[in-house]
Each structure stands twice: as structure tokens, then as C-alpha cells.
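The values are calculated or read from the model by the stated rules, or taken from the named source; none is laboratory data. Quick caveat, the model's predicted, so the values are computed rather than measured. Every residue, glycine among them, receives a Cβ derived from its backbone with ideal geometry; neighbour counts consider all protein chains shown. Side chains are part of the model used for accessible areas, which takes the heavy atoms of the whole protein and leaves out ligands, DNA and RNA. Shrake-Rupley method; radii C 1.70, N 1.55, O 1.52, S 1.80 Å.
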Amino acid sequence: MCGIVGYIGSRQAAPIILEGLRRLEYRGYDSAGLAVMEDGRIEVRRDVGKLTNLERLLAEQPVTGHVGIGHTRWATHGEPSQRNAHPHLSMNGQVVVVHNGIVENFLSLRQELEAEGVHFNSETDTEVIVQLIERYLAAGYDLAEATRRAMHHLKGAHAVVTMSLQQPGVLVGVRIGNAGGLTVGVGEGEMFLASDIPAILEHTRHMTFLDSRQMAVVTQDGFSCFSLDGTPVTKAIQAIPWDTVAAEKGEYRHFMQKEIFEQARSVTDTIRGRADFERGRITLENLEISPEAARRMRKLFIVACGTSWHAALVGRFMVESIARLPAEADIGSEFRYRDPIIEPDSTVLAITQSGETVDTLAAMEEARSQGARLWSIVNVIGSQAQRLADGYILMHAGPEVGVASTKAFTASLVDQYLLACYLAQQRGMADGRLRALIDDLARLPDQVGRVLDHAVEYEALAAEFYQASNFLYLGRGINYPIALEGALKLKEISYIHAEGYPAGEMKHGPIALIDEHMPVLAIAVRDRVYDKMVSQIEQVKARGGTVIALATEGDEVIRDKADHVVYVPEASPLLTPVLTALPMQLLAYYIAVRRGCDVDQPRNLAKSVTVE
Ligand code: AGP
């Protein structure tokens with residue numbers, strides 16, 4: 001997943017692009033670059049590594065110009081290097097391009113262009129795009145038509161922004177498939193293009209989002225939109241309700257830290273307007289189903305990747321327990337390869353913070369092709385997963401910048417709980433039972449805040465465990481997915497190997513791993529599997545293991561069983577995962593900080609995976 005920013009207006013382009021790239025750096029940070037155009041020349045500055053390297057280069061070699069494009073790269077084809085960094089200039093220097101996606105047929109295109117005498121400067125697939133555009137410009141087409149024709153040669157998913165000396169007052173942006181979005185920002189006498197909302201939010205709230213196979217032709221005074229077959233397209237301009245402060249770190253050291261501590265508020269925002277505590281009713285503003293259709297529902301497939309898949313595993317419990325609707329949770333990248341049996345009246349729910357995860361989007365398209373009803377739970381407004389769905393629930397978590405997902409995860413748990421209650425309501429659940437479920441939600445933000453108030457305890461635990469080489473997370477029932485999530489959080493930001501395991505499986509092999517070097521975090525809250533979890537803790541202790549128990553406030557018994565105990569408030573078993581997720585986030589965060597890791601931009605990762 002790469003970050004793209006374009007600007008055209010009366011201000012200097014470079015500072016605006018640089019600031020926009022900084023807000024997108026979480027999408028990929030192997031290299032960064034920008035190009036500006038003025039007085040008949042295109043100046044390119046690019047460097048390997050983080051944005052700070054590009055900033056230093058620009059300080060040494062400044063550029064001026066009122067139109068420009070920029071890019072932060074998460075390397076796919078061609079190792080991270082200065083020569084592979086975007087933007088890429090065409091051979092005769094007339095055209096420059098930034099690109100997100102993979103040109104799946106780039107080898108054959110490269111050979112074809114080389115046979116025409118084109119010399120390539122990089123190992124990237126992107127360079128074939130800029131050379132193709134140049135080919136059509138040389139044939140006399142304008143930039144928009146040259147770009148449109150060039151895009152027809154490409155296989156794969158792409159987001160492309162380009163500009164040319166032949167049309168200095170024009171930027172062209174194109175989106176094909178799900179290689180990350182392309183947003184058009186409408187300013188006062190200036191226009192923007194960006195991969196994601198935070199890049200341009202400080203300049204405008206008025207945006208529109210390209211769909212697949214659409215092109216925007218942007219000048220300082222506005223834009224026009226076309227489909228790739230040349231047909232004009234009308235795009236609605238949306239007012240984005242996020243504020244720029246919400247996209248900034250504020251007094252926190254890391255975005256991840258800020259987003260962890262925002263969760264009392266984000267959970268409140270997720271619930272707000274949807275749970276009517278007076279009437280005991282649920283309303284989902286962008287997802288409706290009639291009582292008749294709800295009663296006809298036969299199965300819900302919940303598909304997602306990574307942390308969102310862990311949320312799906314929890315949601316399955318919620319939907320089956322509350323709505324009594326058969327449900328299953330599928331990994332997005334596996335779903336379409338198992339030939340799923342999607343019967344009539346089945347529904348597929350995609351969970352995706354970014355709304356752009358290509359494997360999740362592909363699962364949605366598989367569902368669509370089999371005639372399933374398509375719902376999504378997304379955080380990024382205007383994202384593909386929102387626009388593909390028949391109905392959607394926004395997480396309302398605000399921009400999540402840290403690569404490790406935290407507040408979006410808990411928001412997606414709450415959204416699934418709201419959905420389960422809504423389906424139960426539409427399928428005729430008795431008012432009293434429904435009201436009790438909704439009342440449980442009312443207490444949740446306060447319970448979240450109480451867990452976060454004990455953050456210092458996780459700093460202390462991190463001091464003891466940050467040098468561990470391995471970690472085991474055990475959970476059972478609805479908290480088994482939280483064990484998986486805890487392990488993923490630790491892995492992805494501290495680089496410690498960790499496994500989440502269903503506690504009942506330990507005796508079937510993994511207990512052989514237990515010794516004094518293998519810390520175990522066991523989720524042992526007071527629920528129907530508490531006794532079994534206590535027994536599991538005793539089995540680990542009997543083999544010399546060190547146990548951190550995650551227990552329910554007031555449980556003194558567990559103190560005699562485990563080496564360390566951290567607590568969460570008593571809550572409805574179906575909502576407890578929202579609380580048990582928090583210690584997982586806090587422990588991973590403080591361990592990663594202790595280890596000096598790059599918490600917000602862990603190595604090899606990107607915020608949204610738009611390549612398969
Ligand atoms: C979570 O901390 C990871 N960053 C990753 O597993 C993420 O959840 C996954 O890539 C799915 O992203 P999405 O929710 O945007 O689809």
C-alpha cells in the first residue's frame with residue numbers, strides 16, 4: 001500500500017505534498033519522492049527510506065512550482081532504493097507518474113516498450129505506465145486521453161496520478177480495481193488528489209472518491225470525471241466529518257498510544273445514535289433489513305483479514321448467541337479459494353478498517369458473484385468496501401493512523417454487537433431481552449475507561465517481559481480470538497514471536513513448549529469457561545511456566561494461581577472481548593516501546609494491504 005498526493009493551485013506545491021505524504025506515511029515508508037512542474041520543467045526529488053530523508057533532500061535542493069505529485073512507497077517490485085522511488089519520469093522527461101498497485105503484465109509491456117527503443121531507469125513495474133503515457137502523448141493525444149489509452153494495457157489494480165509538460169495546468173488521476181483509493185479534494189481555487197482523507201483534510205473537507213475504472217481530470221478550478229471507456233461521470237462531493245486534530249498525535253508519543261487511549265470515546269461514538277436506551281431499539285443508519293427478510297436469513301459469513309478477522313471470530317459468537325443466526329468467520333484471503341457454498345438468503349459481512357484490503361474486497365466480489373447480500377463494517381469513509389456493499393456500518397473510530405489496529409478493532413466488535421442486536425430485533429426478539437442487551441452497551445465506555453486507567457500496570461509488566469523471545473496467549477470461547485489478537489499485536493510491533501491458542505488445545509501438543517522461558521498470558525475472566533482456564537493456568541505453572549492472568553475485578557482466587565494478574569471490570573460475556581482486547585494492546589505497546597521498536601510504522605508492514 002503506497003501513499004499518493006497531488007496538488008494544483010496558487011500555493012507552492014512541495015510543502016503541501018510533503019505534509020500530505022507525512023500524513024500517509026503509515027501506508028508505506030520504504031521510499032518517498034515528489035515532482036513539481038513550473039516554467040517548462042519537471043523537478044523530481046526522491047530518496048530511499050522515510051520521509052525525513054526526502055525532507056532533508058528538499059532542504060538541500062529546494063523546488064518551486066504550483067502543481068505537483070508525491071508518493072510514499074511500500075516496495076513490491078524493485079527493492080527500496082532511490083532509483084526505484086516514485087515519481088517516475090518518462091524517457092524524454094515530458095511526463096511523470098506516481099502509482100499504487102501492481103502492473104501484473106509489466107514484463108511483457110517492458111519488453112514491448114524496449115523493442116520500441118525505450119530505455120528504463122528502474123526495476124519497477126510503475127515505469128511502464130509513464131512510458132506508455134509518453135507513447136500516446138507523442139502520438140498527439142492530450143494527457144487525459146493518453147493516460148486513458150495507457151491504462152487499457154495494464155492488468156491488475158492501480159491508482160495512478162500523472163502530469164505532463166505538455167499540459168502544465170492539468171493533473172490526471174485514475175483508479176482501476178482495489179489498489180487503494182483515490183480521493184479528489186475540492187478547495188478554494190486549488191484542487192487535491194490523495195490516496196486517503198488525512199493527507200488533504202487540513203485543506204478541504206469536500207471530497208469525492210473515484211470508483212474502479214474512473215478517471216479524474218483536475219485543473220486549479222475544478223475537475224471532470226470519466227469512466228475509462230470515455231463516458232462522462234457525475235460524482236457527488238461529500239463533506240467529511242473528521243477534523244484534522246483527530247488525525248494528529250497531540251500529546252501522545254505514538255499514534256498507536258493515542259488511539260489506544262481514545263477508545264472510551266471511540267466506543268461511545270460507535271454506539272451513539274444507534275442504540276436507543278430509552279426505547280430499547282437499535283437503528284443502523286446505513287444498513288436496513290425488513291423483519292421478513294431478517295427472518296429469512298439463513299447464514300452470515302463474516303470475512304476479514306488480520307485483526308479484523310479476529311473481530312469476525314468474536315462477531316460470530318455475538319450473532320449466533322444474540323440473533324440465533326448461523327454464522328461463520330472466514331479469512332478474506334482464503335474465502336474465495338474454498339468454493340464457499342453461499343445459498344440464497346445468505347449474507348456476507350466484510351470487516352475492514354481501511355475499506356481497501358484487497359483480499360477482503362475480493363471476498364466481497366466473490367459473494368456478489370454468488371448473489372449474496374453484501375454488508376460491510378468500515379472505518380474509512382468513502383472506501384471501496386463501503387461503496388461496494390448493499391449496507392454498511394461505519395466504525396466511527398476516527399482516523400486510525402498506527403499500523404497496528406486498536407480502536408478500529410474494538411469499534412468493529414461494538415458494531416457487530418449492534419448488528420446482532422438489530423438482527424435479533426428484526427427477527428422478533430422479545431423487548432425485555434433486547435433492552436437488557438442494549439443496557440449492557442450503556443456501561444461499556446466507562447468500563448473501557450477503567451481498564452485504560454490502569455495502563456501503568458502494563459508498563460511494569462513490559463519492563464519484566466520485554467526481553468522474552470516467545471510468548472503464548474491462551475483464551476477460550478469468545479476470548480480465544482482475543483488471544484489471537486494479543487499475539488498479533490505483540491508480533492507486529494515488538495517482533496517477538498507470539499502465538500494465540502485455544503486453551504483447550506494446549507494438552508494436544510503446545511504444552512510441550514512450556515518452560516521458564518515461555519511467558520503465558522491467560523484470559524481467565526469470570527465466564528462459563530473460567531474454571532477450565534484456572535485449570536489451564538495450573539497446568540502451565542506445574543511445568544515451570546510464568547503466567548500473566550487477565551481476570552475479572554474482584555477475583556482474588558486467581559492471585560494464588562498466577563504470577564501476575566491484571567483485571568478488567570465485570571461485563572456482559574458478549575461484550576467482555578472489548579475489554580480484554582485493551583490489555584493486549586497496552587502490553588504489546590509498552591513492550592515495543594521498551595524494545596525501541598518503530599511502533600507506528602513497524603518494519604515490513606503497511607496500514608492497508610492492497611496487494612494480494
Ligand atoms: C492489524 O493490527 C494489522 N495492521 C492488520 O492485521 C490489519 O488488521 C489487516 O491488514 C486488515 O486491515 P483492514 O481492517 O484495513 O482490512
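Summary of values
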quantity	calculated
Tally, over the range 362-397, of residues that are within 13 Å of the ligand (Cβ to nearest atom), part of a helix (DSSP H, G or I), buried (at least 24 other Cβ atoms within 10 Å of the Cβ) and in contact (Cβ under 8 Å) with a residue 40 or more places away in the chain	3
Qualifying residues in the range 404-445 (those that are under 25 Å from Pro241 (Cβ atoms) and open to solvent by 10 Å² or more (accessible area, probe 1.4 Å)) - the one farthest from the ligand (Cβ to nearest atom)	Ala442
Where a residue in the range 469-488 is farther than 23 Å from Glu328 by Cβ and its partner, wherever it lies, is open to solvent by 10 Å² or more (accessible area, probe 1.4 Å) and of a type in the set (Val, Ile, Thr), with Cβ under 8 Å and at least six apart	Leu472/Ile514
His508 open to solvent by 10 Å² or more (accessible area, probe 1.4 Å) and at pLDDT 95 or above	no
Number of the exception - Glu123 against (1) closer than 22 Å to Arg83 by Cβ; (2) under 27 Å from the mean Cα position of the chain (by Cα); (3) surrounded by fewer than 17 Cβ atoms within 10 Å (Cβ to Cβ)	(2)
Candidate set from the range 317-330 (those that are closer than 25 Å to Tyr501 by Cα and open to solvent by 20 Å² or more (accessible area, probe 1.4 Å)); member that is nearest to the chain's Cα centre (by Cα)	Ala329
Residue that is farthest from the ligand (Cβ to nearest atom), among those in the range 331-351 that are buried (at least 22 other Cβ atoms within 10 Å of the Cβ) and without any contact (Cβ under 8 Å) to a residue 60 or more places away in the chain	Thr347
Selection count, the range 287-308, where residues are open to solvent by 20 Å² or more (accessible area, probe 1.4 Å) and either more than 16 Å from the ligand (Cβ to nearest atom) or without any contact (Cβ under 8 Å) to a residue 24 or more places away in the chain (or both)	8
Residue check, Val314 over 28 Å from Ser195 (Cβ atoms), within 16 Å of the ligand (Cβ to nearest atom) and either open to solvent by less than 40 Å² (accessible area, probe 1.4 Å) or not aromatic (Phe, Trp, Tyr) (or both)	yes
Residues of the range 147-164 that turn out to be touching a residue at least 24 places away in the same chain (Cβ under 8 Å) and buried (at least 19 other Cβ atoms within 10 Å of the Cβ), as a count	12
Out of Ala551, Ala562, Ala581, Ala606, sole residue that is in a loop (DSSP other than H, G, I, E, B), within 29 Å of Pro445 (Cα to Cα) and among the aliphatic types (A, V, I, L, M)	Ala562
Candidates Leu605, Leu575, Leu586 - the one that is open to solvent by 30 Å² or more (accessible area, probe 1.4 Å) and in contact with an Asp or Glu (Cβ under 9 Å, 6 or more places away or on another chain)	Leu605
Residues being open to solvent by 50 Å² or more (accessible area, probe 1.4 Å), over 18 Å from Pro198 (Cβ atoms) and either of a type outside the set (Lys, Arg) or part of a loop (DSSP other than H, G, I, E, B) (or both) - total across the range 238-286	11
Enumeration of residues in the range 87-119 that are free of Cβ contacts under 8 Å to residues at least 24 places away in the same chain and either among the acidic types (Asp, Glu) or assigned to a loop (DSSP other than H, G, I, E, B) (or both)	Glu112, Glu114, Glu116, Gly117
Single condition Leu24 does not satisfy, out of (1) crowded, with 24+ Cβ neighbours inside 10 Å; (2) assigned to a strand (DSSP E or B)	(2)
Residue count, the range 507-530 (criterion: out of contact with any strand residue (DSSP E or B) (no Cβ under 9 Å at 6 or more places or on another chain), of a type outside the set (A, V, I, L, M, F, W, C) and in a helix (DSSP H, G or I))	2
